[in-house]
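> After the structure tokens below, expect a handful of questions from me.
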Amino acid sequence: MLKKFCYVFSIIAVLIVISGCNENEEENQALNEEEKATEQEESITSDKENTGDNNDLTSQDDAKTDNNDILEQVKPIPTNISGFISQQPGMFANKSVYDNEKEVKKQLKKLPPMSENASEKELKKYLAYMYWLVAEDLPNPKDMIKKWEFSSFGNPDLPDSRYHFKENYNIEVILDSSGSMAAVTTVGKTRMELAKETINNFLKNIPEKANVSLRVYGHKGSGSDADKDMSCSAIEQVYGFAPYNANKIQQALNKFSPKGWTPIAAALKQSKEALKQFEAKNNSNLIYLVSDGVSTCDGDPVKVAKSLSNSNAKPVINIIGYQADGKAQEQLQKMAEASNGVYTTANDQNELEEEFDRAEEVLELWKEWKEDALQDLDAMSVNNGFDIMELSNNWHFRSLSQGNHLLATINLAEEAGIVTFEQEQKLQKRAHKVNDMVKQLDGEIEENLKNISTENIKKTKKSINEKFNKQTQN
């Protein structure tokens with residue numbers, strides 16, 4: 001049934017991530033020192049070569065100023081676990097570089113040709129620029145541990161009272177109905193069509209006595225500036241709060257279609273007002289926000305999410321970035337962090353369904369903990385094992401894709417005349433080092449998560465047995 005005692009995982013996970021970061025930073029220190037020494041040599045050589053009159057180069061340098069500015073703004077490639085799991089997906093994430101060759105070369109040609117005697121610093125800048133074009137959204141183990149915590153919903157020993165089962169259940173789904181949700185997916189349906197199907201399937205499987213609410217935003221007007229005010233004020237509770245009714249839910253889902261802007265902050269404010277009637281003392285309150293984009297209307301959604309979490313209803317806020325780009329993911333993640341909620345990226349309908357399936361498990365009727373505790377722990381061990389396997393597989397395939405696309409991008413840079421053949425070889429050598437580092441981190445993360453899961457389940461079983469023994473003796 002319910003998976004318990006996962007709260008401590010998040011604390012341990014943070015310690016492990018910090019430890020992993022320190023270890024990786026130490027490993028890279030020697031490499032960085034070596035690179036610095038190389039840069040110093042190259043700088044001295046370059047100074048000697050350029051002591052002559054450089055007036056002839058002035059106009060060329062001025063012409064390259066804008067392009068060089070691009071390189072100066074490029075972030076370095078991550079060197080540790082924290083950096084890789086926090087990176088935002090690049091423009092060509094999850095896309096074939098060769099299938100998008102024209103667009104990739106267009107981005108590469110924003111750069112000036114690499115200097116003939118490129119320094120180590122210049123090589124690193126060019127490689128970083130190419131890396132961020134193809135960077136993948138690598139799975140974050142901290143997000144998974146947060147889900148484990150959410151899956152322990154109902155355990156009365158959890159210190160966060162939001163995760164205790166109360167007399168009543170209230171679930172509100174807040175759905176983005178802005179124009180971007182009309183985008184057609186690879187299966188031929190729009191994002192909105194798939195989201196509606198998934199949400200309907202979720203709601204019809206929740207406990208009968210649970211109160212359900214469906215709130216939508218951005219479903220009026222258009223994406224034009226002329227319609228912005230109308231669209232940003234278009235927030236509507238189309239259902240509830242009320243128990244699930246199949247016909248009425250379907251009628252509510254049929255009321256709206258994707259059209260306009262994205263007023264996330266205002267939608268959360270309305271949700272906060274509606275939840276005032278459900279105080280946390282007697283209510284378990286859950287919110288699911290599904291959005292594919294960044295807020296485009298007034299208000300700070302991060303601050304409002306935090307305020308909502310701290311309100312008298314104290315809801316657990318689950319935020320799903322549905323096929324969201326890097327900028328949107330960054331904002332949605334900050335909202336989850338500020339509200340102590342759960343963030344997940346869903347790239348297709350299957351991943352969207354997985355998140356709602358997890359909620360269905362949580363919303364099963366809570367049985368007597370003493371009777372089922374040990375069974376639940378055995379089930380938790382199996383489920384956590386599947387979660388770890390899934391994360392490891394996702395990390396492997398996404399990092400492999402990222403590595404192959406980085407090498408392909410370097411090849412296209414040579415074809416576009418941005419780098420020479422010799423420079424291409426140097427960049428590819430450095431790219432292989434980055435790829436090897438990412439692969440190595442996969443094994444470290446998997447091992448750390450397994451240790452967390454096994455160690456804490458053993459401790460919890462011991463604790464339960466001790467409690468049972470005391471009760472028997474009494």
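So that you can scan it fast, the table gives a plain yes or no per residue for (1) within 27 Å of the chain's Cα centre (by Cα); (2) at pLDDT below 75; (3) aliphatic (A, V, I, L, M); (4) not assigned by TED's automatic domain parsing to the domain that holds ALA135:
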| site | (1), (2), (3), (4) |
| --- | --- |
| LYS429 | no, no, no, no |
| HIS432 | yes, no, no, no |
| MET437 | yes, no, yes, no |
| GLN440 | yes, no, no, no |
| ILE445 | yes, no, yes, no |
| LYS462 | no, yes, no, no |
| GLU466 | no, yes, no, no |
| GLN471 | no, yes, no, no |
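> So, one more: What is the number of the single condition among (1) crowded, with 20+ Cβ neighbours inside 10 Å; (2) at pLDDT 90 or above; (3) over 23 Å from the mean Cα position of the chain (by Cα) that SER178 does not meet?
Unmet condition: (3).
> Something else now. Pairs please, first residue from region 411-424 and assigned by TED's automatic domain parsing to the domain that holds LEU111, second anywhere and of a type in the set (Gly, Ala, Ser) and buried (at least 20 other Cβ atoms within 10 Å of the Cβ), Cβ atoms under 6 Å, 6+ apart in sequence or on different chains.
Between residues of region 411-424 that are assigned by TED's automatic domain parsing to the domain that holds LEU111 and residues that are of a type in the set (Gly, Ala, Ser) and buried (at least 20 other Cβ atoms within 10 Å of the Cβ), the close pairs are VAL419/ALA413.
> Also, quick follow-up: Could you please give the count of residues in region 187-214 that are farther than 25 Å from SER295 by Cα and not in a strand (DSSP E or B)? It would help to see each step written out before you state the result.
Going residue by residue through region 187-214, those that are farther than 25 Å from SER295 by Cα are 187-188, 201-211.
Checking which are not in a strand (DSSP E or B) leaves us with 187-188, 201-210.
Within region 187-214, residues that are farther than 25 Å from SER295 by Cα and not in a strand (DSSP E or B) number 12.
> Something else now. Quick check: is even one residue across region 358-370 under 24 Å from the mean Cα position of the chain (by Cα), at pLDDT 75 or above and β-branched (Val, Ile, Thr)?
Looking through region 358-370, none of the residues is under 24 Å from the mean Cα position of the chain (by Cα), at pLDDT 75 or above and β-branched (Val, Ile, Thr).
> Which residues, counting only those in region 219-241, are touching a residue at least 60 places away in the same chain (Cβ under 8 Å) and closer than 23 Å to PRO315 by Cβ?
Correct list: GLY240, PHE241.
> How many residues are within 16 Å of ASP137 (Cβ to Cβ) and surrounded by 19 or more Cβ atoms within 10 Å (Cβ to Cβ) if we restrict to region 388-443?
Final tally of qualifying residues: 12.
> Restricted to region 200-239, and to residues that are out of contact with any Pro (no Cβ under 9 Å at 6 or more places or on another chain) and basic (Lys, Arg), which residue is nearest to PRO258 (Cα to Cα)?
Restricting to residues being out of contact with any Pro (no Cβ under 9 Å at 6 or more places or on another chain) and basic (Lys, Arg), the top hit is LYS220.
> Out of all the residues in region 316-357, which are touching a strand residue (DSSP E or B) at 6+ places or on another chain (Cβ under 7 Å) and free of Cβ contacts under 8 Å to residues at least 24 places away in the same chain?
Matches in region 316-357: GLN333 only.
> Right, next: Filter region 76-94 down to the residues that are in a loop (DSSP other than H, G, I, E, B) and in contact (Cβ under 8 Å) with a residue 12 or more places away in the chain and list them by number. Let's see the steps before the verdict.
Within region 76-94, the first condition is being in a loop (DSSP other than H, G, I, E, B), and the residues that meet it are 76-80, 87-94.
PRO76, ILE77, THR79, ASN80, GLN87, GLN88, PRO89, GLY90, MET91, PHE92, ALA93, ASN94, listed by residue number.
The values are calculated or read from the model by the stated rules, or taken from the named source; none is laboratory data. These figures come from a predicted structure and were not determined experimentally. So basically every Cβ, Gly included, is an ideal-geometry build from the backbone, and we count neighbours across all protein chains shown.
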